[in-house]
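These notes concern the structure reproduced below.
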Ligand code: FES
Ligand code: FES
């Protein structure tokens, strides 16, 4: 099978690999790079389980041709933590019971992280709109919503602290 050499910036690391020209980013992440956090949850671009950040914006990796993203900074769920420290939504999610089987969790993490980076104090409507882009078949969304609220409270408390104790 014909392959082409591409370079991708994944979680802050430049990776070079030979892939079929039409291979989607999700398959490259999972099959070629061993980054299995992003999931394939549907066949019709409707579940959001495959979401990753492309220059800070969530995209569906299941329909993104990998070679088109060579100039883009890609962050997967494995790369969300900064210097080993989980993001507020990663911590809050576990505490508020946002995850049950966990299959949808990586996609929600990406979507919510992007929302809170862009707007640390989103309205209920903005939170609901963000959550509506991802499917969870277990939780009924209330715990996920509560996770976002908890993460927001933590971020607010943290930003109120003097810089020396953050
Ligand atoms: S696997 Fe990408 S949207 Fe479902
Ligand atoms: S926790 Fe199971 S699909 Fe969401």
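Quick note: the coordinates plus some simple rules give every number you see, no bench work behind them. All figures in this text were calculated on a predicted structure; none of them were measured in a lab. Virtual Cβ from ideal backbone geometry, glycine too; neighbours counted across all protein chains shown.
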- request: Let me see the pair-distance distribution of the chain: every alpha carbon pair, 5 Å bin width, integer percents in order.
  value: 2, 9, 18, 21, 18, 14, 9, 6, 3, 1, 0, 0
- line: Between residue 82 and residue 137, the two model label points (7 Å from Cα along the beta-carbon direction) sit apart by a distance in nm of 3.5 nm
- line: Assertion target for 63, 82, ordered by fewest C-beta neighbours within 10 angstrom first, is 82, 63
- prompt: Taking neighbour Cβ counts within 10 Å as the exposure measure, how do 148, 19 sort from fewest upward?
  reply: 19, 148
- request: Take the Cα gyration tensor of the stretch 51-123, multiply each eigenvalue by 5, square-root it, and list the three semi-axes largest first, rounded to whole angstrom.
  value: 22, 14, 12
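What translational diffusion coefficient, in µm²/s and rounded to a whole number, does the Stokes-Einstein relation yield for the stretch 1-65 at 37 °C and a viscosity of 0.692 mPa s, taking the hydrodynamic radius as the Kirkwood radius over Cα pairs?
On the way: Rh = 12.3 Å.
Value of D from the Cα-based Kirkwood radius: 268 µm²/s.
If R₀ is 25 angstrom, what is the calculated FRET efficiency for the pair residue 32 and residue 91, using the beta carbon separation as r and rounding to 0.05?
0.25
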message: Among 119-125, 106-112, 7-13, how do they line up by average Cβ neighbours within 10 Å per residue, starting with the highest?
response: 106-112, 7-13, 119-125
query: Using the count of nearby Cβ atoms within 10 Å as a rough guide to exposure, how do 138, 62, 50, 101 rank from fewest to most?
result: 101, 138, 62, 50
- prompt: Out of 17, 26, 116, any idea which swings most in a Gaussian network model of the chain, alpha carbons joined below 10 Å?
  reply: 17
query: Taking only the alpha-carbon atoms of the stretch 106-166, what semi-axes of the equivalent ellipsoid follow from 5 times the gyration tensor eigenvalues under a square root, in whole Å, largest first?
result: 24, 11, 10
- prompt: So between residue 117 and residue 15, what do we pick up on full extension, going 0.36 nm a residue minus the alpha carbon distance?
  reply: 34.1 nm
- prompt: Given labels modelled 7 Å from the Cα in the Cβ direction, how far is it in nm from residue 42 to residue 2?
  reply: 3.2 nm
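Working out 0.36 nm times the residue gap between residue 125 and residue 65, then minus their Cα-Cα distance, what length gain in nm do you get to one decimal?
Full extension of this stretch gives 18.4 nm more.
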